[in-house]
Amino acid sequence: DSGVTQTPKHLITATGQRVTLRCSPRSGDLSVYWYQQSLDQGLQFLIQYYNGEERAKGNILERFSAQQFPDLHSELNLSSLELGDSALYFCASSRLPGLAGGSSYNEQFFGPGTRLTVL
Amino acid sequence: DAKTTQPPSMDCAEGRAANLPCNHSTISGNEYVYWYRQIHSQGPQYIIHGLKNNETNEMASLIITEDRKSSTLILPHATLRDTAVYYCIVRVVGTQGGSEKLVFGKGTKLTVNP
């Protein structure tokens, strides 16, 4: 158990719908990351938040958005869902992001994931 | 982003050492190599990281070549529970303070056989 919780575990919805995935980071972790894992694209970084602010962006679609709240939990909102959005969505957290050139590393702890199925 | 290349799959006998190679020929001088693994469909798990010196922890050892263009993750005594996909990652740290992203490749599917 990594200490990162994600809800729901499974989500089945229809095309065109909107869903919200929730992530609670480990106690004390300030940074939250979202990843998407699909069969054809593999594990892809979507977005990172650090202490409530967006800090890094990956291949996140415009239909997707995220935020990190004052209590540090995060939500990933997926709208106008398409069949291709079916995937495992992972949230990860770390105490702090690592600093460039630093030998110390704040590893990312991954949650169990939310499996989204779009029908 | 520095790219990594790994063999798609490897097999190892239980109790033997598993040696997983990774090529990262475009790595920059201050970029670290990180290894994560993913067991079945669980969330990835951090294993080890290094810059240029060999590193060892309770899970594994990491050997980085002198030119830093490749590395090898070593699981000294592989068990059935080590069956997983192993990802070699060159960590990207952004110029904006506090930004970081992990760029996962396709990884190596390691199967430990009894």
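Observations, loosely collected:
- Total charge dipole magnitude, the protein assembly as shown, about the Cα centre, Cβ charges on Lys, Arg, Asp, Glu only, Debye to nearest 20: 180
- When only alpha carbons are used to place a centre, segment B:1-59 and segment A:2-63 end up 24 Å from one another.
- Contact order, relative form, for chain B: 35 percent (alpha carbon pairs under 8 Å, 6 or more residues apart, mean separation divided by residue count).
- Global dimensions of chain B from alpha-carbon coordinates: Rg and Dmax equal 13.8, 47 Å.
- Excluding ligands, DNA and RNA and using a 1.4 Å probe, chains A and B jointly bury around 2000 Å² of accessible surface, summed across both partners.
- Note on segment B:52-95: along the principal axes its Cα atoms extend 39, 23, 17 Å, ordered by decreasing extent.
- Size descriptors for the protein assembly as shown, from the alpha-carbon set: Rg then Dmax equal 17.7, 52 Å.
- Rounded to the nearest 20, the Cβ-based charge dipole of chain B about its Cα centre (Lys and Arg +1, Asp and Glu -1) stands at 220 debye.
- Excluding same-chain neighbours fewer than eight residues apart, the lysines reachable from A:Lys57 by a Cα-Cα span under 23 Å are B:Lys3, B:Lys101, B:Lys106.
- For chain B, a Gaussian network of Cα nodes joined below 10 Å ranks B:Arg81, B:Arg91, B:Arg68 by mean-square fluctuation, and the top entry is B:Arg81.
- Stokes-Einstein D in µm²/s, Kirkwood radius over Cα pairs - segment B:27-74 at 37 °C with 0.692 mPa s viscosity: 288
- Calculated over segment A:6-73: convex hull of Cα atoms, volume per residue (Å³): 109
- For chain A, built as a Gaussian network whose Cα springs stay under 10 Å, the top-fluctuating residue of A:Arg63, A:Arg95, A:Arg22: A:Arg63
- Per-selection metrics, chain A (Cα): Rg and Dmax in Å: 13.9, 46
- Loop-located GluC sites (Glu not before Pro) in segment B:16-114 whose Cβ has at most 12 other Cβ within 10 Å (DSSP): B:Glu58, B:Glu66
- The residues of segment B:2-85 present an accessible area of 53 Å² per residue when probed at 1.4 Å with all protein chains retained.
- As a fraction of the 1.4 Å probe accessible area of the protein assembly as shown, surface on carbon and sulfur atoms comes out at 49 percent.
The values are calculated or read from the model by the stated rules, or taken from the named source; none is laboratory data. For clarity, every value in this text was computed on a predicted model and none was experimentally measured. We place every Cβ from the backbone using ideal geometry, glycine too, and count neighbours over all the protein chains shown. With ligands, DNA and RNA removed, areas are computed over all heavy atoms of the protein, side chains included. Shrake-Rupley method; radii C 1.70, N 1.55, O 1.52, S 1.80 Å.
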